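Enquirer: Below are the structure tokens for one structure; questions will follow.
Read the figures in this text as sums done on the coordinates, not as results from a lab. Since the model is a prediction, treat every value here as computed from it, not as a measurement. Positions of Cβ are backbone-derived with ideal geometry, glycine not excepted, and every protein chain shown enters the neighbour counts.
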Amino acid sequence: MEVWKEFEQNVVTHSAAHHLMAIDDLIRKVGYARVSDIARELDITRGSVSISLRPLKDAGLIIQDDNRHLRLSPSGQALVDAIKTKRAVAQRLFHEFFGVDAEQAEIDACKLEHLISNQVAQRVLAFLRFIDSGDPAVCRFLQAWRGVDPVCNGTPETCPSCQGGCLAENVER
Amino acid sequence: MSTLSRDELVSELSRIFAEEVEAATRYIHLLNSVRGMDRLVVEPILREGVTETIQHAEVIARKIRSLGRVPRLDIKVNCPPEAISGREALRQALVFEEAALEGYQDLLRRVEGDVPLEEFVRSQIALESEHVAQLRELLDE
């Protein structure tokens, strides 16, 4: 399947990811999660929450008991744990390593958290482990990286990263 | 007396106002999503849903106005352009009607002690319970 079509097939949309995480957060904070609590947490209507939860129930990610209390199934919990981890690693990568300001790093990590594959997340984690290792090579690498001027001097002919046009220009417009 | 401040109460009522307006919008969409013979059966029920949710929204808005405020409306409805069966339409209506009922039940707990408000919320609960019961009966669930 073409990548963009596969993207459309994703059961866990951005909104669904936030519904699942809200259930997890509420259970950790107050011990239970009802539709009303999720609506309050996400600042949306209960009707929207109920409608959004239907496909997640059908997919077996959440379970509702007779008292209308919601909890995550083992597969739902695994998904939430993965999403939260991906958000944390992406946020750390963008902020601490790339130097993006904290707020923007959080926004972009939030946009990507449910879309990053496990393979990419594992490699980013490995990279962060390497950064945290204290290896002298890391110190030299970080020193060199932090000395890089983030502003491109705009000479695509001699730039080793650009082929046939200035890539930096494309994202500055 | 209720432990809610006036601001909190208006915020709670505005939330329910939004629920009702959103439900009316969803009913209108459901009304136009059912195709085939099923329309004959469910159209009057869904049409009644539109009318009643708008009436409920107006009652809540009046309540907010009586508190000297203007209701806040913040809704985001995204309904897919898919034809559905009459049964599925009723099932979807049941989902948001149950959510509305839960909303009023939640509000009742929060306004405990404020007798006029309690009575008002109780009457809304009675109406919503009737809707939910009617839909459950039709769905035989």
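Enquirer: Name the GluC sites (Glu not before Pro) in the range A:97-173 that are in a loop by DSSP and that have at most 14 other C-beta atoms within 10 Å, would you?
Expert: Numbers: sites: A:Glu103, A:Glu106, A:Glu113, A:Glu157, A:Glu169, A:Glu172; in loops: A:Glu113, A:Glu157.
When the GluC sites (Glu not before Pro) of the range A:97-173 are filtered for loop state and at most 14 Cβ neighbours within 10 Å, A:Glu157 remain.
Enquirer: Please list the equivalent ellipsoid semi-axes of the range A:1-141, computed as the square roots of five times the alpha-carbon gyration tensor eigenvalues, in descending order and whole angstrom. Spell out each step's value before the answer.
Expert: Working: eigenvalues 207, 57, 40 Å².
One finds semi-axes of 32, 17, 14 Å for the range A:1-141.
Enquirer: What distance in nm separates the two pseudo spin-label positions at A:Val151 and A:Ser75, each 7 Å out from Cα along the beta-carbon direction?
Expert: Reported label-point gap for A:Val151 and A:Ser75 is 5.2 nm.
Enquirer: Using alpha carbon centroids, what distance separates the range B:75-141 and the range A:19-51, in Å?
Expert: 17
Enquirer: List the GluC sites (Glu not before Pro) within the range B:50-88 that DSSP assigns to loop and that have no more than 15 neighbouring Cβ atoms inside 10 Å. Let's see the in-between values first.
Expert: Values: sites: B:Glu52, B:Glu58, B:Glu82, B:Glu88; in loops: B:Glu82.
Sparse-neighbourhood loop GluC sites (Glu not before Pro): B:Glu82.
Enquirer: Now for a separate question. Alpha carbons only, please: Rg and Dmax for the range B:4-73, in angstrom.
Expert: Taking only Cα atoms of the range B:4-73, I get Rg and Dmax of 15.1, 51 Å.
Enquirer: Could you list, by residue number, the cysteines of chain A that have no other cysteine's beta carbon within less than 4.7 Å of their beta carbon?
Expert: Result for chain A is A:Cys110, A:Cys139, A:Cys152, A:Cys166, no neighbouring Cys Cβ within the cutoff.
Enquirer: Please get the size of the charge dipole for the range A:79-132, origin at its Cα centre, with Cβ charges of +1 on Lys and Arg and -1 on Asp and Glu, quoted in debye to the nearest 20. Provide the component values of the computation, followed by the final result.
Expert: Values: 7 positive and 8 negative charges, 56 e Å.
Once rounded to the nearest 20, the dipole reads 260 debye.
Enquirer: Taking the Cα centre of the protein assembly as shown as origin, work out the dipole magnitude from +1 charges on Lys and Arg Cβ and -1 charges on Asp and Glu Cβ, in debye rounded to 20. Mind dumping the intermediate values first?
Expert: On the way: 38 positive and 51 negative charges, 70 e Å.
Rounded to the nearest 20 debye, it is 340 debye.
Enquirer: At 222 nm, what helix-only mean residue ellipticity would chain B give, in deg cm²/dmol to the nearest 500, using -39500 (n - 2.57) for each DSSP H run of four or more? Numbers along the way, then the final one.
Expert: Working: 4 runs with 105 residues, N = 141.
It lands at -26500 deg cm²/dmol.
Enquirer: I'd like the per residue volume of the convex hull spanned by the Cα atoms of the range A:3-72, given in cubic angstrom. Don't skip to the end; give the middle numbers.
Expert: Numbers: hull volume 6.1 nm³, N = 70.
It comes to 87 Å³ per residue, whole-number rounded.
Enquirer: While we're on this one: If every alpha-carbon in the range A:60-119 counts as one equal scatterer, what log10 I(q)/I(0) does Debye give at q = 0.18, 0.26, 0.30 1/Å?
Expert: So the normalised log intensities are -0.66, -0.95, -1.11.
Enquirer: Let me ask something else. Compactness ratio of the protein assembly as shown: Cα Rg over 2.2 N^0.38 Å, N = residue count?
Expert: Working: Rg = 25.1 Å, N = 314, 2.2 N^0.38 = 19.6 Å.
Dividing the Cα Rg of the protein assembly as shown by 2.2 N^0.38 Å gives 1.29.
Enquirer: Still on this model: Looking only at Cα atoms, what is the convex hull volume of chain B per residue, in Å³?
Expert: Values: hull volume 13.2 nm³, N = 141.
Spelled out: Cα convex hull of chain B, divided by residues, is 93 Å³.
Enquirer: So, counting K/R as plus one and D/E as minus one, what does the shell of residues with Cβ under 10 Å around A:Ser48 add up to?
Expert: On the way: positive: A:Arg46, B:Arg26, B:Lys76; negative: B:Glu19, B:Glu22.
Charge balance near A:Ser48 sits at +1.
Enquirer: Right, here's the next one. Cβ neighbours within 10 Å, averaged per peptide: list B:35-45, B:122-132 in order, most packed at the top.
Expert: On the way: B:35-45: 13.9, B:122-132: 16.5.
Taking the mean over residues of other Cβ atoms within 10 Å, the ranking is B:122-132, B:35-45.
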